[in-house]
Each structure stands twice: as structure tokens, then as C-alpha cells.
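Encoded as C-alpha cells, the structure appears first; notes follow it.
Each value in this text was obtained by applying a stated rule to the coordinates, not by laboratory testing. Note that this is a predicted model, so its numbers are computed, not measured. Neighbour counts run over all protein chains shown; Cβ positions are idealised from the backbone, glycine included.
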Amino acid sequence: MPHATAFCPANLSLIFETYPASPPHGRGSLGVGITLDAGVTARVSLAPPGQASLILVEGKPWDFPTVRSVLAALSPLPLLVEITAAFPFGCGFGMSGASALATALAANQALHLNLSRHALGLIAHQAEVAHATGLGDVGGQCHGGIMIKTLRHQPLAVAPLPIPPQTLHYRVHGPILTSAVINSPEKLHLINAAGHTALADLAAATSPLTLASLFATSLTFARDSGLLQSPAVAADIAAAHAAGHAATMIMLGEATISTGPFPGSRPAHISYGGAALLPTA
């Protein structure tokens, strides 16, 4: 039975500004993100005869509209998708986008569709937008690294930021419903104003950009946008600062990322490679 497996890194959004489009699936975001060396693995194969497409996450059936949209765009055949995720969904690690992109890459390989990486990335991005699970993760996950997006209506176009790699530290408290944020005109008004200012500040900076200065700009964005509402995240940021580190909120989740350890945190490593097929056993 033909099958293929792909990996897609987690993506942490630090700053973002959204833009509308017509049709709506062309929506996207500008901003800054970081990919990690852990993320999502998706194995795609033909479903057993007589069965409909099935999506398993950590071995359990999931109603996963974002991934189902990817399958619908790629194959009339019923497929089995087996997903494993290194981070919780809905907490700012881009797990929905990673699932969509890894599934697209694996399905393309398993079914010998010969679609380009760009086409597969757009399918994954549009699936995310259609189901309000994200607006910008897939672009970063296609490339990997510490990246900035500054081009509207080009959701896969990113530019690397010249920041040396280092070990990061994170802590997760819980999810934030992405759709409740990106589908709210009132919230987007504040977010886009703060995001536009933050990106302008980065562009105007005269000193070399570091993770510490990037996190400081991100934290200002998190506060000015109204997104930083969690007392637990605020306490983690304060603890990281007290330990001499820079820290900020992970968008969009009740989660914190820091340049150094703080109580309850775990280490994470930056990935400089984008989503890719894995060897098939």
C-alpha cells in the first residue's frame, strides 16, 4: 500500500498584522516567527477498502476540518492520515498549520501527484484560513528559521532575520481559540495597529537585531494589542525577566517563550529547515 511521511516544524508567532482579501481564503498575515525542531509528523496512506478518509491524532480519530480540506483539495480517494504532534493544539505552536502542510507533502508523495512545494503550501495555508486555525504559520513552516513576512498576498514569502541561534525556553498554560481572535473586527483593529507599529519599529532599528530585542518588541506588541491577558503568562514573563532573560507571549496561546530558563519552563531549539518528507521504511 503506498504511503509517505512528512515532518513540519512548529512555528511561534511573535508579532503579526493581518490583511483581508477577496475571496476570503486569500487572507494572511505579516509578521515575525520562529520555527522549532519539533512539530508534527503526518503519515498518509490509502484508507482500507470501503472506508472513508480517517484522520488520527495521537492514535485517536479527530474531526480536523483543516486537514480534511487539504485531503479534499488533493485526492478523490479516501486516505488515512496519522498525525503525531510535539506540542498541544491551540497554544501558539502552529500545530494546525503544521498538520496541514505535513499532510499535503505526504499525500503528494504517496499519490505521486507531482505538485510543487509552493502549490502544496498554498493549499495548506488556504485550508488554515478557511477554518480560522491560522493566518500565517504555513509560510514560516515552509522555510524554517527566524523569519519576517512583509509582503501582502504572498503568504509563503518570508525573509530570514540575521539572528544567531540559541536555546529557547517555553511554558504552556492553555489554549486561546484562534478563530475568536482573527474573526473579531474589534480585536483585529487593536492587533493590526500594534502589529504595524512593531514591524515599523523593527524596520527602523539601527542596532543589530537580537533575540532579546526581538522579544522586547514582541512583548510591547502583546500588551498594546490586548492579547496579553493571561496572569499566568504575565507571571512567567516576570519570572524570566527576574532571571535576566528576555521573554514574551507566544501568539496565540496562553504560553511563554524566553531566551533563558524560568520556573516550569522546558528547552526548545530553533529549526533552520522547513517541512520535509521523511524516509519511508
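Please find, in a Gaussian network model of the chain (springs between Cα atoms separated by less than 10 Å), the residue of ALA194, ALA235, ALA157 whose mean-square fluctuation is greatest.
Most flexible of the set in this elastic network: ALA235.
Below 15 angstrom from the Cβ of GLY144, what's the summed charge of the other residues (Lys, Arg +1; Asp, Glu -1)?
Details: positive: ARG117, LYS149; negative: ASP37, ASP137.
Charge balance near GLY144 sits at 0.
Give the shape of segment 109-195 as rounded, prolate or oblate, defined through the alpha-carbon gyration tensor: a ≥ b ≥ c are the square roots of its eigenvalues, a/c under 1.5 means rounded, and otherwise the shape is prolate if a/b is larger than b/c and oblate if not.
Numbers: a/c = 1.59, a/b = 1.20, b/c = 1.32.
Cα axes put segment 109-195 in the oblate bin.
Counting only other residues whose beta carbon sits under 14 Å from that of GLY28, what net charge do I get with K and R as +1, D and E as -1?
0
Rounding to the nearest 10 and keeping the result within 0 to 90°, find how far the Cα-based axis of helix 95-110 lies from the longest principal axis of the chain.
So the helix axis and the longest Cα principal axis differ by about 30 degrees.
Going by C-beta contacts inside 10 Å, put SER207, SER218, SER45, SER69 in order with the fewest on the left.
Details: SER207 6, SER218 27, SER45 18, SER69 21.
Starting with the residue having the fewest Cβ neighbours, the order is SER207, SER45, SER69, SER218.
By how many degrees, 0 to 90 and rounded to 10, does the Cα axis of helix 185-204 deviate from the longest principal axis of the chain?
That helix lies at roughly 70 degrees to the long axis.
Pull out a ≥ b ≥ c, the square roots of the eigenvalues of the alpha-carbon gyration tensor of the chain, then state rounded if a/c is under 1.5, prolate if not and a/b is larger than b/c, and oblate in the remaining case. Walk me through the numbers on the way to the answer.
On the way: a/c = 1.84, a/b = 1.62, b/c = 1.14.
Prolate shape, in that a/c is at least 1.5 and a/b is the bigger ratio.
What is the sum of charges around ALA194, taking Lys and Arg as +1, Asp and Glu as -1, for the other residues whose C-beta is under 14 Å from the C-beta of ALA194?
Values: positive: LYS187, ARG223; negative: GLU17, GLU186, ASP201, ASP224.
Around ALA194, the charge tally is -2.
With the calculation restricted to Cα positions, what are the radius of gyration and Dmax of segment 1-100 in angstrom?
15.0, 46
Would you order LYS60, LYS187, LYS149 from fewest to most other beta-carbon atoms within 10 Å of each residue's own beta-carbon? Each step should come with its number before you reach the end.
Details: LYS60 7, LYS187 15, LYS149 24.
Going from least to most buried by this count: LYS60, LYS187, LYS149.
Given the options HIS169, HIS112, HIS131, which has the most mean-square fluctuation in a GNM of the chain, springs set between C-alpha atoms less than 10 angstrom apart?
Among HIS169, HIS112, HIS131, the largest GNM mean-square fluctuation belongs to HIS112.
Between GLY253, GLY28, GLY50, find the one with the highest GNM mean-square fluctuation for the chain; connect C-alpha pairs within less than 10 Å.
Answer for the Gaussian network model of the chain: GLY50.
Kindly put ARG68, ARG266 in sequence by how many other C-beta atoms sit within 10 Å of each C-beta, fewest to most. Write out the running numbers ahead of the final one.
Numbers: ARG68 18, ARG266 10.
Listed from fewest to most nearby Cβ atoms, that is ARG266, ARG68.
Relative contact order of segment 168-268, please, whole-number percent, based on alpha carbon pairs below 8 angstrom and at least 6 residues apart.
Values: 150 pairs, mean separation 44.1, N = 101.
Normalised by residue count, the contact order of segment 168-268 is 44 percent.
Can you bin segment 168-268 into rounded, prolate or oblate? Criterion: square roots of the alpha carbon gyration tensor eigenvalues sorted a ≥ b ≥ c, rounded for a/c under 1.5, prolate for a/b above b/c, oblate for the rest. Display every interim value, and only then the final one.
Values: a/c = 2.32, a/b = 1.14, b/c = 2.04.
It comes out oblate by the Cα gyration axes.
Check each of the chymotrypsin sites (Phe, Trp or Tyr not before Pro) in segment 200-281 and keep only those in coil by DSSP with at most 15 other C-beta atoms within 10 angstrom; list them in order.
On the way: sites: PHE215, PHE221, TYR272; in loops: TYR272.
Within segment 200-281, the qualifying chymotrypsin sites (Phe, Trp or Tyr not before Pro) (loop, at most 15 other Cβ atoms within 10 Å) are TYR272.
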